[in-house]
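Every read-out reported here was derived from the displayed coordinates using simple, explicitly stated rules and does not represent laboratory data. Everything numeric here is computed off the predicted structure, so don't read it as measured data. Cβ placement follows ideal geometry from the backbone for every residue including glycine, while neighbour counts extend to all protein chains displayed.
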Amino acid sequence: MRRIAILAALLAALWLAGCSEEAPPGKTAGFAGLGQEAGDFAQAYESIRLSFPEDHAAHPDYRIEWWYLTANLEDERGEPLGLQWTLFRQALTPPDERPEPAPWAADQLWMAHMAVSRGDTHRVAERFARSHSGQDDGQAGAVAEPFRAWIDHWQLATRVDTSDAPGDTFAELQLTAHQDDAHGGFGYDLTLVAEGPLVLHGVAGFSQKSADGQGSMYYSQPFWRVAGEVTVDGESRAVSGRGWLDREWSSQLLGPEQQGWDWFSLHLASGHKLMAFQLRGGGADGGDYRSGTWIDPEGEPTALAPDEIGMTPLATRPAAGREVPTRWRLEIPRAGLDMIVEAPHAERWMDTSVAYWEGEVIARDAESGDHLGIGYLEMTGY
């Protein structure tokens, strides 16, 4: 066990080193090093066209990548629960500098986070692994056919059998992850069924993140219908609800001056979906850079320009010893929306190697107070 702990600590140190290399004097490298120049890694461009199912798999030529699932659920008693499961990949070396495959010649690091939230309870776990980019059966990885993204026994995998004929491997997935802890353990066994299409953000999947043009390849599956079992502190309950999966990869996600972001994903009662974010700094006049996607009930996306999104923090609450904005005004004039989006519980801090806030939110009409929807909010750099 001590060897495992030492290896985990080493991988955490390597991950943080890879995400936060020192910038040249007088310059910064953005939150967690994500503004670091792409160098010899592959770069995300507007002219790239996504292809499925291939792009469900890992892109080892890019520096950073993630498979990011959040879900708003209810148990059989009507009590709300939230969950997150994320698999991150970090390339250690550009494609031309990779070592030959060998037991310790890793060129990819993997990190995974899982969380379960219920009321004031928020349970979090983290795992690390390593691999060579040529492997597809190691301790961690992500492959397209049949789709599977995993680290140890935590995995997100297709339930679609494509052995006889091609099919959408994202049409139905199974998520399984469990973690022992001092409270009796937590985790989930869930089935995710897509009730709408994949959504490409930005320009055909290229999502710009600053006025200087940095960005990522970015698509989502925001139409998951989720059902299964969630365990919190050793107690298991049947649950159902909605899920949102984000897929993103890049080699320079941010501009060098951007030190964090605020990201919303909302399931609205009208059947529409909304993804909106602001990156603090990196705007045309030195202000915040905003972008988003308005998604109709059939899955047709409309890209939102920076001046089409109003995002104003209204109140902060303490979380993990710091003040974070948990009440926002979110305005989307194109959709006729003026909303107050608020987290009912502030203690959703992810106390992981790269720490951030991630939790459930409720959207209401700013004037009438009518309930408009539910979703998730992620905040980094606080």
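Numbers below:
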| read-out | value |
| --- | --- |
| Listed peptides 113-123, 90-100 by packing density, highest first (mean Cβ within 10 Å) | 113-123, 90-100 |
| Alpha carbon centroid spacing (whole Å) that separates segment 361-379 from segment 51-77 | 24 |
| Pairwise label distance in nanometres, residue 236 with residue 40, each label 7 Å out on the Cα-Cβ vector | 5.0 |
| Over segment 114-268: Rg over Rh, Cα atoms, Kirkwood Rh | 0.98 |
| Loop-located trypsin sites (Lys or Arg not before Pro) in segment 327-382 whose Cβ has at most 15 other Cβ within 10 Å (DSSP) | none |
| Percent RCO, i.e. relative contact order, over segment 210-313, from Cα pairs under 8 Å lying at least 6 residues apart | 20 |
| Leading residue at positive end of dipole, the chain (Cβ point charges), from 110, 59, 170 | 110 |
| The chain: C-alpha gyration tensor shape, a/c 1.5 cut-off, then a/b vs b/c | rounded |
| Relative contact order (percent, whole number), segment 339-382, Cα cutoff 8 Å, 6+ residue spacing | 37 |
| Mean Cα-pair separation over length for segment 2-379, i.e. relative contact order, pairs under 8 Å, 6 or more apart, % | 15 |
| Global form of segment 237-382, assessed from the alpha-carbon gyration tensor, a/c cut-off 1.5 | rounded |
| Size of charge dipole - the chain - debye, nearest 20, with Cβ of Lys, Arg +1 and Asp, Glu -1, no other charges | 640 |
| Estimated vicinal HN-Hα couplings, Hz - segment 318-331 in sequence order (Karplus 6.51, -1.76, 1.60; Gly, Pro = x) | x, 8, 6, x, 9, 8, 10, x, 10, 10, 10, 9, 10, 10 |
| Integer Hz, Karplus 6.51/-1.76/1.60 couplings in order for segment 79-89, x for Gly and Pro | 7, x, 9, x, 9, 9, 9, 9, 10, 10, 10 |
